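Engineer: One structure is given below, represented as structure tokens, and several questions about it will come after.
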Amino acid sequence: MQIHGHSFIDKKHPISLYSSKQLYAMEQAWFDKGHDSFGLMQQAAWQMTKHIEQLYEKKYLNRQSLTSVNFSHRHNHQYRVSIWVGKGNNGGDGWLIAYYLKQAGWHVQIVTVGFDGSDLDNSGFDEVIFDQVSFDKSDTTTISNSKSSIPDAQKALQVARSANCKYERFEDSQNDLRSTALQADVYIDALFGIGLDRTPEGIYKQAIGAFNELTEQNNGLAIAVDIPSGVVASTGEVFDRIAIQADATLCLIARKFGLHTKDGVDYSGQVIDIPLIPYQVGNVAFEPVAKLITTGQALSPRRQNSYKGSYGHVLVIGGNRVDGSQGMGGAAILSASSSMAAGAGKITVACHKAFHNALLTSLPDAMTINLHDTQGVQHLIKAASVVAIGMGLGRDDKAQALFVNYIQAAMTAKKPIVIDADGLYHLASLQLKNDKLISQLREYSTDNEVFLTPHSGEAAKLLNKKIHEIESDRLSAIKLCAKTYGGNWVLKGAGSLVLESGLDQQQIYVCGVGNAGMATAGMGDVLSGVIAGLLAQQDLEPEMRSLHQAVIIHGLAGDILVSQTNQYNSGKSDRGHLLIGQRGLQAQDMPVAIRHVMQLLVDAYN
């Protein structure tokens, strides 16, 4: 089954993600082995040209409903491409793409940004000898014959100019965006590469805005070279929403971390890898900063000879009613419901007695106990398989006292712990007070399972920082959370980050599924329930009930609910079987989709 292009079957390997610093190191290690930098640029441009042609064919010429129109288009229309180049090596890639597309018969128009007249004169053409080779995708050793004294980007410019590729300066045409010269079928962004770490300003800001306007105005295909200009490669940040809105990104050498988290998710479109060089050069191996995951781990089927106790007992602690407030009983109910949907054998909810009737009405399978019955709850903690705490717990002093009491009881009983929502608020408060519970929890997490699930606002409070500081470097933030508090972490958001601590190292994952419809109240409570429900099932292998597995299941369930078509293993489609849509998606819709995903993963086991 596929939802939004993601397969549920666990045959896709995680994709390694790298920082811009690592990318520069990879290139340098390659050049240090004697490989020529301009030769690498030639290969990159050649392979990108092939992908550009394929993407064009896919968009304009392969629509079944437009077969006759496409035939006419293909034979009577010269393909038009507008290539926007900056002065760095990213622009050099653009100049060479222009050369190759012109050789292939395209009508090529180059738009330069930040160039003056002297940058574009004809001097030095005789110094460049261009090796006109059709590079094989597997060939990474071609050496250019060009002289090394000229910067690669300048060599590329001269190659394109020697082939009479037309160009114009953006500075001369920016006031006439409806000019025929700027109309195209395909727009190529080769303005900035992976070195950008600030807001594009001046003429570059104007050019990015014009590029986006033109692609929309002409229904053009927007393709970014390496990374959309304006996206920070190492963090995914986009400043002031100034970035190229790409339909596809041709990712060179290795996948950039920033393409899959924060704003990068919204700007990169389809990401196509063009590896070019190996991840290990000589004795130098490059370990990824994270791994992108888009598929769930198949789940083993249950044994017939089993009972509810075989699949664990989840104790959800939350749903308080603070003086002067109606409370948040729904948070505990959502978490409990999701635990059961994920397969937990039985559920007990410790919540305020005012919510017991509502809980049993919506979830008659669950057992209840008064949240303020400390002796009763402590007794249940000893009997439970997993303790999930914080969802709707409240933030007053009484709630904090309950939190400390129950966390200490869970640690004494050596239970796996899931902490979310108000539980995270109390942890942050206790950290500011230098409370001993923080060091106790950190030490406990070295030998026991502790899972914490903040969004960026909660992470900011946990680290005593501003939200924008968290969002500007989510990778550093999740590492600092783990260092400060111990345990395994989810930093929720676009491209949620998952940090899992092993015996001797940490592994960070980026969740590549989920959608904007899940940005609604209660989704975090649902996730905490899925985590607890999986943890409780000791019949599953560790990978099957891991934290990143829970995050993937949660995201896939959300994707099912907003997908236009749900496809089944039979190959048939059932339009709208679970369809709700992004605008109307609610947390209470999730349990049915979670159950659906769980069964699909069981079906995938064989």
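The values are calculated or read from the model by the stated rules, or taken from the named source; none is laboratory data. Remember, it's a predicted structure, so these values are computed and weren't measured experimentally. Every residue, glycine as well, gets a Cβ built from its backbone with ideal geometry; the counts of neighbours run over all protein chains shown. SASA here: full protein model, heavy atoms, side chains in, ligands and nucleic acids out. Shrake-Rupley method; radii C 1.70, N 1.55, O 1.52, S 1.80 Å.
Engineer: Looking only at the range 412-440, count every residue that is under 20 Å from HIS379 (Cα atoms), aliphatic (A, V, I, L, M) and under 31 Å from the mean Cα position of the chain (by Cα) and tell me the total.
Structural biologist: Within the range 412-440, residues that are under 20 Å from HIS379 (Cα atoms), aliphatic (A, V, I, L, M) and under 31 Å from the mean Cα position of the chain (by Cα) number 3.
Engineer: Name the residues in the range 27-52 that are over 27 Å from the mean Cα position of the chain (by Cα), surrounded by 17 or more Cβ atoms within 10 Å (Cβ to Cβ) and either under 18 Å from ASP93 (Cβ atoms) or polar (S, T, N, Q) (or both), would you?
Structural biologist: Residues satisfying the conditions are TRP30, HIS35, ASP36, SER37, PHE38, GLY39, LEU40, MET41, GLN42, GLN43, TRP46.
Engineer: Among the residues of the range 455-493, which ones are of a type in the set (Val, Ile, Thr) and either over 21 Å from ALA519 (Cβ atoms) or in a helix (DSSP H, G or I) (or both)?
Structural biologist: If the condition is that a residue be of a type in the set (Val, Ile, Thr) and either over 21 Å from ALA519 (Cβ atoms) or in a helix (DSSP H, G or I) (or both), then ILE467, ILE470, ILE478, THR484 are the ones that fit.
Engineer: For ALA409, are the conditions met, namely being buried (at least 20 other Cβ atoms within 10 Å of the Cβ) and either assigned to a helix (DSSP H, G or I) or under 31 Å from the mean Cα position of the chain (by Cα) (or both)?
Structural biologist: Here the answer is no, as ALA409 does not meet what is asked.
Engineer: For the list (1) open to solvent by 20 Å² or more (accessible area, probe 1.4 Å); (2) part of a strand (DSSP E or B); (3) not polar (S, T, N, Q), I need the number of the one condition that VAL387 fails.
Structural biologist: (1)
Engineer: For SER68, which of the numbered conditions (1) at pLDDT below 95; (2) within 25 Å of TYR99 (Cα to Cα) fails to hold?
Structural biologist: So SER68 meets the others, but not (2).
Engineer: For the range 537-554, which residues satisfy the criterion of being surrounded by 18 or more Cβ atoms within 10 Å (Cβ to Cβ) and free of Cβ contacts under 8 Å to residues at least 24 places away in the same chain?
Structural biologist: Residue satisfying the conditions is ARG545 alone.
Here is a yes/no grid of residues against (1) buried (at least 24 other Cβ atoms within 10 Å of the Cβ); (2) assigned to a strand (DSSP E or B); (3) touching a residue at least 12 places away in the same chain (Cβ under 8 Å):
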{"site": "ARG321", "(1), (2), (3)": "no, no, yes"}
{"site": "ILE333", "(1), (2), (3)": "yes, no, yes"}
{"site": "SER338", "(1), (2), (3)": "yes, no, yes"}
{"site": "THR348", "(1), (2), (3)": "no, yes, yes"}
{"site": "HIS356", "(1), (2), (3)": "no, no, yes"}
{"site": "LEU360", "(1), (2), (3)": "no, no, no"}
{"site": "HIS372", "(1), (2), (3)": "no, no, yes"}
{"site": "LEU380", "(1), (2), (3)": "no, no, yes"}
{"site": "GLY394", "(1), (2), (3)": "yes, no, yes"}
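Engineer: Any chance the range 421-431 includes a residue that's closer than 21 Å to ASN448 by Cβ, without any contact (Cβ under 8 Å) to a residue 12 or more places away in the chain and open to solvent by 20 Å² or more (accessible area, probe 1.4 Å)?
Structural biologist: No, there is no match, as no residue in the range 421-431 is closer than 21 Å to ASN448 by Cβ, without any contact (Cβ under 8 Å) to a residue 12 or more places away in the chain and open to solvent by 20 Å² or more (accessible area, probe 1.4 Å).
Engineer: Would you pick out the residues in the range 87-106 that are within 23 Å of ALA207 (Cα to Cα), part of a helix (DSSP H, G or I) and open to solvent by 10 Å² or more (accessible area, probe 1.4 Å)?
Structural biologist: Passing the criteria: ASN89, ASN90, ASP93, TYR99.
Engineer: How many residues does the range 521-536 hold that are in contact with a helix residue (DSSP H, G or I) (Cβ under 6 Å, 6 or more places away or on another chain) and either open to solvent by 10 Å² or more (accessible area, probe 1.4 Å) or over 18 Å from ALA384 (Cβ atoms) (or both)?
Structural biologist: Going through the range 521-536 one residue at a time, the tally reaches 5.
Engineer: Of everything in the range 342-391 that's more than 25 Å from SER306 (Cα to Cα) and among the small types (Gly, Ala, Ser), which residue is farthest from the chain's Cα centre (by Cα)?
Structural biologist: Step by step, filter the range 342-391, then rank; the result is GLY376.
Engineer: Moving on. Exactly one condition in (1) without any contact (Cβ under 8 Å) to a residue 60 or more places away in the chain; (2) part of a helix (DSSP H, G or I); (3) under 18 Å from LEU452 (Cβ atoms) is false for LYS415; which is it?
Structural biologist: Unmet condition: (2).
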